[in-house]
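Reading through the structure tokens given below for one structure.
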Amino acid sequence: MKINKKVYVIIGVILVAAVIGFGYLKITGNEESDIEGLNQGQMRAICELATLETYYHNTAQYNHENTTLFIFNHTQTLWIEYDGVVEIGTDVSQLSMKEKGSKVIITIPHSKITDCKVDSKSLKPDSYHTNYEGLLTDKINYEDQQLALKTAQDEMRKTAENNTLLFIQADERVETLLSNYVNNIGKVLGKEYQVEFKYIEE
């Protein structure tokens, strides 16, 4: 299994630089803010940009067993070679914050899988490999191909779920970007914030 982690560091830096310019404005109206200069809407946008994408290239196997004429058993096997991506991010709807002296306490849930999909552009005619066993075996049809595709996605999700390091890295990305945001806004306002994170345990 080959895993390539794509890091959006440049996007995070650009975002932090952008919010400095208007972060010092007093938040009014319907915009959410518990602390002067800090806006929860902007913080949620930062969390979304911190989403970790992990890429996979693998082969999944799907076996279809059938009985022909109530007598002959045969097995149809389909291998599908694919590229896929698993996205791990934060449920921004649960983000909240409060101020305690010079400390900004940010409460968020742990990162989780937000999307898991096979890249359809990676699927070509030679991405499917078959091996037929038994008598009177028919070719694997479109339905079997779709079941094989689902098998590939399920295996990819399971592999990601078992890799705890990915979720630790995703949490760290969110903490880094949010801390940078709070500290930079603090500098604009002439304040020195201490950022603390609390996680919602499921």
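Please work out if E32 is of a type in the set (D, E), at pLDDT 80 or above, touching a helix residue (DSSP H, G or I) at 6+ places or on another chain (Cβ under 8 Å) and open to solvent by 20 Å² or more (accessible area, probe 1.4 Å).
Values: of a type in the set (D, E): yes; at pLDDT 80 or above: no; touching a helix residue (DSSP H, G or I) at 6+ places or on another chain (Cβ under 8 Å): yes; open to solvent by 20 Å² or more (accessible area, probe 1.4 Å): yes.
Against the criterion (of a type in the set (D, E), at pLDDT 80 or above, touching a helix residue (DSSP H, G or I) at 6+ places or on another chain (Cβ under 8 Å) and open to solvent by 20 Å² or more (accessible area, probe 1.4 Å)), E32 does not qualify.
Residue by residue through region 149-202, note down the ones that are open to solvent by 50 Å² or more (accessible area, probe 1.4 Å) and outside any helix (DSSP H, G or I).
N162, G190, K191, E192, Q194, E196, K198, Y199, I200, E201, E202
The values are calculated or read from the model by the stated rules, or taken from the named source; none is laboratory data. Keep in mind that this is a model prediction, so the values were computed, not measured. As a convention, Cβ positions derive from the backbone with ideal geometry for all residues, glycine included, and neighbour counts pool all protein chains shown. The accessibility values were calculated without ligands, DNA or RNA, using every heavy atom of the protein model including side chains. Shrake-Rupley method; radii C 1.70, N 1.55, O 1.52, S 1.80 Å.
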